[in-house]
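Scroll down for the structure; my scribbles are underneath it.
The values are calculated or read from the model by the stated rules, or taken from the named source; none is laboratory data. On a predicted model such as this, the values are computed, not experimentally measured, just so you know. We place every Cβ from the backbone using ideal geometry, glycine too, and count neighbours over all the protein chains shown. Each accessible area value is taken on the protein alone, full model and side chains, heavy atoms only, with ligands, DNA and RNA left out. Shrake-Rupley method; radii C 1.70, N 1.55, O 1.52, S 1.80 Å.
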Amino acid sequence: MGSRLSLDEAVDLTRTGDLWLFRGRTAADHAIRVVTNAPVNHVGMAVVLDDMPPLMWHAELGKGLLDVWTGNHHRGVQLHDLRAAVTTWCGRYEQRAWLRQLDAEITPDMEAALLRTIARLDGTPFPATAALAGRWARGRLRRPAPAELTYCAEVVAGTYAEMGLLDGRRPTNYYDPGTFWSGDDLELERGARLGDEVEIQV
């Protein structure tokens, strides 16, 4: 695979567990990267099951896209049509996007764990930027944060842990979007590996 893909090519290739990473130019995007010393400010996870279109599982402040799990529009943790989500993040939000593909066998038990996690977390509110920084700082000290709020990297980390791809020794608020970038040492279980970032042209 080359270092760049069109959105159509990436959507066709993506499978459950693949990561979508974003970098934007707003003050909030910049603040997230500065606080966490990360090259990206947002991460989502692909969900590709049976005859459903590819979906993105993530948390965000916006509510412009339909949450396909609940069938309505809301902020916080959401399950979106993947193509629509990437188009929104790269268009309206003016972000750059990358895909990292997961090399792992996704078993029926892992898919069941994924669906249980979606059912449990969907709709959980997204914290304000200051609260997000506080949650992440607590996590770096290995102190779990209350479950009434959650941000994008927590959603991905918690879902990976429920699927057995992370060991769960660190609280979900330990993770930030940059943890899922290849420059960080993300130790996956079950022999899983993540490929290099591939930039997406939208």
(Q) Any residue in region 99-118 that is without any contact (Cβ under 8 Å) to a residue 60 or more places away in the chain and in a loop (DSSP other than H, G, I, E, B) sitting within a Cβ distance under 9 Å of a residue that is surrounded by fewer than 18 Cβ atoms within 10 Å (Cβ to Cβ) and polar (S, T, N, Q)? List the pairs, counting only those 6 or more apart or interchain. (A) none
Q.
Can you confirm whether Thr87 is open to solvent by 40 Å² or more (accessible area, probe 1.4 Å), farther than 21 Å from Leu21 by Cβ and of a type in the set (Ser, Thr, Tyr)?
A. no
Q. Of the residues that make up region 127-141, is at least one over 17 Å from the mean Cα position of the chain (by Cα) and closer than 15 Å to Val77 by Cα?
A. yes
Q) Which of the residues spanning region 91-105 are more than 22 Å from Pro127 (Cα to Cα) and within 15 Å of the chain's Cα centre (by Cα)? A) Arg96, Ala97, Trp98, Leu99, Arg100, Gln101, Leu102
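Residue-by-condition table, conditions (1) within 22 Å of Leu13 (Cα to Cα); (2) open to solvent by less than 10 Å² (accessible area, probe 1.4 Å); (3) in contact with a Phe, Trp or Tyr (Cβ under 8 Å, 6 or more places away or on another chain):
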| residue | (1), (2), (3) |
| --- | --- |
| Leu102 | yes, no, no |
| Pro108 | yes, no, no |
| Leu132 | no, no, yes |
| Pro144 | no, no, no |
| Leu165 | yes, yes, no |
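In region 87-98, what residues are on the phi < 0 side of the Ramachandran plot and assigned to a loop (DSSP other than H, G, I, E, B)?
At the first step, the residues of region 87-98 found to be on the phi < 0 side of the Ramachandran plot are 87-93, 95-98.
Passing the criteria: Gly91, Arg92, Tyr93, Gln95.
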Q: Filter region 128-153 for residues that are within 28 Å of Gly71 (Cα to Cα) and modelled with pLDDT of 75 or more and give the result.
A: Leu149, Thr150, Tyr151, Cys152, Ala153
Q: Tell me which residues, restricted to region 165-192, are more than 16 Å from the chain's Cα centre (by Cα), over 30 Å from Gly91 (Cβ atoms) and in contact (Cβ under 8 Å) with a residue 40 or more places away in the chain.
A: Arg190, Gly191, Ala192
Q. Could you give every pair whose Cβ atoms fall below 6 Å, whose first residue belongs to region 44-72 and is within 13 Å of Ala84 (Cα to Cα), and whose second residue is open to solvent by less than 20 Å² (accessible area, probe 1.4 Å) and among the charged types (D, E, K, R), counting only separations of at least 6 or pairs across chains?
A. Ala46/Asp18
**Q.** All positions within region 144-201 that are touching a Lys or Arg at 6+ places or on another chain (Cβ under 9 Å), assigned to a loop (DSSP other than H, G, I, E, B) and farther than 16 Å from His58 by Cβ
**A.** Pro144, Ala145, Pro146, Gly164, Leu165, Arg169, Arg170, Pro171, Ser182, Gly195, Asp196, Glu197
